[in-house]
Amino acid sequence: MKTGILGGTFNPIHLAHLRIAEEVREACGLDRVLFLVADTPPHKRIAARVPFATRLAMVEVAIADHPAFAACAIEREHPGPNYTVDTLQRLHELYPQDEFYFIIGFDSFRDLPSWKDYARIPELTNLVVAHRPGAEATEPMQLLPVAVQKQFCYSCSPEKWRHRSGNWLIFLQETRLDISSTAIRRLVAERRSIRYLVPDPVVDLIEREQLYRI
Ligand SMILES: Nc1ncnc2c1ncn2[C@@H]1O[C@H](COP(=O)(O)OP(=O)(O)OP(=O)(O)O)[C@@H](O)[C@H]1O
Ligand SMILES: O=C(O)c1ccc[n+]([C@@H]2O[C@H](COP(=O)([O-])O)[C@@H](O)[C@H]2O)c1
């Protein structure tokens, strides 16, 4: 099975997360996409201290109507911080037949060299990078240290690079949506509308739980 994994804090999940997952699913012919909710993200504090269960609940209501989308709570089961390299190892143990496509935004790709054992990540998974307004680069491969760049070879287009492990690094050139969880939290705090930035059931959950109001 070809499995996409979109890891995130999802505080809250928004329409750019959903659109990226859908575009990667289609472009890479994925059978499913797991929304991997970070319990303790390594590089980020949880704004407004929204608990894991609430962030997971927002993900679940957001993806409920998509047959190929599922929430993944595996990072809750292990004490944090949740490093991607460790989670990928566990997912390989859980789903030994699966071929993984780890999906990240361009801002995350830019930070990749600061991730734990980041050079091992392309050995464990294909990597799909979604462009993100405000975080572009003309030569994205040059953001990687030279020693890691040398592990990839160019294959017919600047959007697709083959790692020596056989896995792909793909830069996806599709819809760019300038939406962030930070902006949504700010709008709620200012008592402004967040409709059409997050799915309606997520708007309802945020209102019901009175999240992000201060
Ligand atoms: N608008 C977007 N375009 C492309 N990628 C995105 C976008 N929003 C989030 N992502 C990617 O989705 C993953 C999970 O994102 P996350 O849950 O941290 O949302 P966020 O909007 O970046 O949150 P925050 O504003 O709180 O930092 C990350 O890899 C991030 O780069
Ligand atoms: O493994 C790491 O060192 C690492 C450092 C920063 C982020 N990540 C992962 O990247 C994904 C997106 O993270 P974030 O902080 O943008 O929500 C999420 O799955 C995080 O666990 C992983």
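With a simple spin-label model that places each label point 7 Å from the Cα along the Cα-to-Cβ direction, the separation between GLU77 and GLU139 comes to 4.4 nm. Our coupling estimate for segment 183-190, obtained by passing each phi through the Karplus curve with A = 6.51, B = -1.76, C = 1.60 and θ = phi - 60°, is 5, 5, 4, 5, 4, 4, 4, 8 Hz, Gly and Pro reported as x. In sequence order, segment 142-156 has phi-based couplings of 6, 6, 8, x, 3, 4, 7, 3, 5, 7, 10, 10, 5, 9, 6 Hz under the Karplus curve 6.51 cos²θ - 1.76 cosθ + 1.60, θ = phi - 60°, and Gly or Pro positions carry x.
In this structure, ALA68 and VAL146 have a Cβ-Cβ separation that, at R0 = 35 Å, corresponds to a calculated FRET efficiency of about 0.40. 3J(HN,Hα) along segment 36-48, derived from phi through the Karplus expression 6.51 cos²θ - 1.76 cosθ + 1.60 where θ = phi - 60°, amounts to 8, 7, 6, 7, 10, x, x, 10, 8, 8, 7, 4, 6 Hz, with x in place of Gly and Pro.
Of the listed peptides 94-105, 123-134, what is their order by residue-averaged count of other C-beta atoms within 10 Å, with the highest listed first?
123-134, 94-105
Computed from Cα positions, the angle between helix 15-28 and the longest principal axis of the chain comes to roughly 30 degrees.
Taking only Cα atoms, what is the 0 to 90° angle, nearest 10, from helix 84-94's long axis to the longest principal axis of the chain? In the chain, helix 84-94 runs at an angle near 80 degrees to the longest axis. Ordering PHE106, PHE10 by the number of other Cβ atoms within 10 Å of each residue's own Cβ, fewest first, gives PHE106, PHE10.
The spacing between segment 57-109 and segment 132-195, judged by their C-alpha centroids, is 18 Å. The simple spin-label model puts a point 7 Å past each Cα toward its Cβ; for ALA27 and VAL61 those points are separated by 3.0 nm. Working note: Cα atoms of segment 70-178, range along each principal axis, descending, whole Å: 39, 33, 24. The base-10 log of I(q)/I(0) for the chain, evaluated at q = 0.11, 0.12 Å⁻¹, reads -0.52, -0.62 [Debye formula, identical scatterers on Cα atoms, solvent excluded].
Where a number appears in this text, it was derived from the coordinates with a stated rule and is not lab data. Since the structure is predicted, the reported quantities are computational estimates derived from the model, not experimental observations. Note that each Cβ is placed from the backbone with ideal geometry, even for glycine, and that neighbours are counted across all protein chains shown.
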